[in-house]
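Written below as structure tokens is the structure these notes are about.
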Amino acid sequence: MKHALSLRLIAVLFMLVASFENSRAGSSAAPSNNPSGSGNSALMGRVRFEGAAPAHTRINMSTDPSCAKAHAGAVVSDDFVVGNDGALGNVVVFISDGLGDRSFDVPSAPAVIEQKGCVYQPHVAAVRANQKIKVVNSDNTIHNIHPVPANNREWNKAEPGGSTIEESFAREEIAIPVKCNVHPWMRSYIAVFKHPFFAVTGKDGSFDLRDLPPGEYTVKAWHEKLGTMTQKIKVVPGESKTIDFVFKASGRPIS
Ligand SMILES: [Cu+2]
């Protein structure tokens, strides 16, 4: 008898949890009721490079022996990160148009960029407008971080070994070149977005934009050397749409 009662209790609890989950799914399916503007659709896919991948540029760190010492072997540039089957890394894939006047909360956690072995990590960072950007110098040598934006306030800060600075960008910009005035080979990019629907591809070339409201969008893929590709898409409620971007070795837009 006691056993049957507890079974019934478990069944009731299960139904309560299930109905709670349904109501959550229901609210995210209707972006007009959702103040954060997020939805339950998704956009995923892969970026590939077709043709012979350009040779890596070798970086000479001999002007600062502490930098050279941090690497066991040769250091090469991160501009062309090509994985299996032409998968292309360090590409920023993002929604460039179609979100209307939705606004999105800025994450309270900072984005972190590290200077390690006299190389920026990640080589391509993507952050939100007004999100804190923490730049960490993990080396024993002095660095400087000097982004050169076209649409934002320029900043230029010295960073003694082991120090950290915090900064931000107020406006959307894809993407801001970043230098270190001490080490001329140190180059990276920061893409700044006013919404959360962006991704930077890794060596597998894949991207996955979640919680996208259904709608019609312009989607772009940006690469520092190969330029920008554009596609128009439509996603319906609950849909996980798959698209690919293919940059070609010939006739490519070099920026
Ligand atoms: Cu440096």
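The values are calculated or read from the model by the stated rules, or taken from the named source; none is laboratory data. Predicted model, so just to flag it, every value in this text is computed and none were measured. Heads up, the Cβs are rebuilt from the backbone with ideal geometry, glycines too, and the neighbour counts pull from every protein chain shown.
Applying the selection to the stretch 126-154, what residues are crowded, with 16+ Cβ neighbours inside 10 Å and within 16 Å of the ligand (Cβ to nearest atom)?
Val135, Val136, Asn137, Asp139, Thr141, Ile142, His143, Asn144, Ile145, His146, Pro147
For the stretch 172-205, which residues satisfy the criterion of being within 13 Å of the chain's Cα centre (by Cα), outside any strand (DSSP E or B) and either within 16 Å of the ligand (Cβ to nearest atom) or β-branched (Val, Ile, Thr) (or both)?
The answer is Thr201, and nothing else.
Does the stretch 123-130 include one or more residues that are in contact with a Pro (Cβ under 7 Å, 6 or more places away or on another chain), at pLDDT 95 or above and outside the structural domain of Met229 (by TED's automatic domain parsing)?
yes
Scan the stretch 95-115 and tell me whether some residue there is within 16 Å of the ligand (Cβ to nearest atom) and surrounded by fewer than 18 Cβ atoms within 10 Å (Cβ to Cβ).
yes
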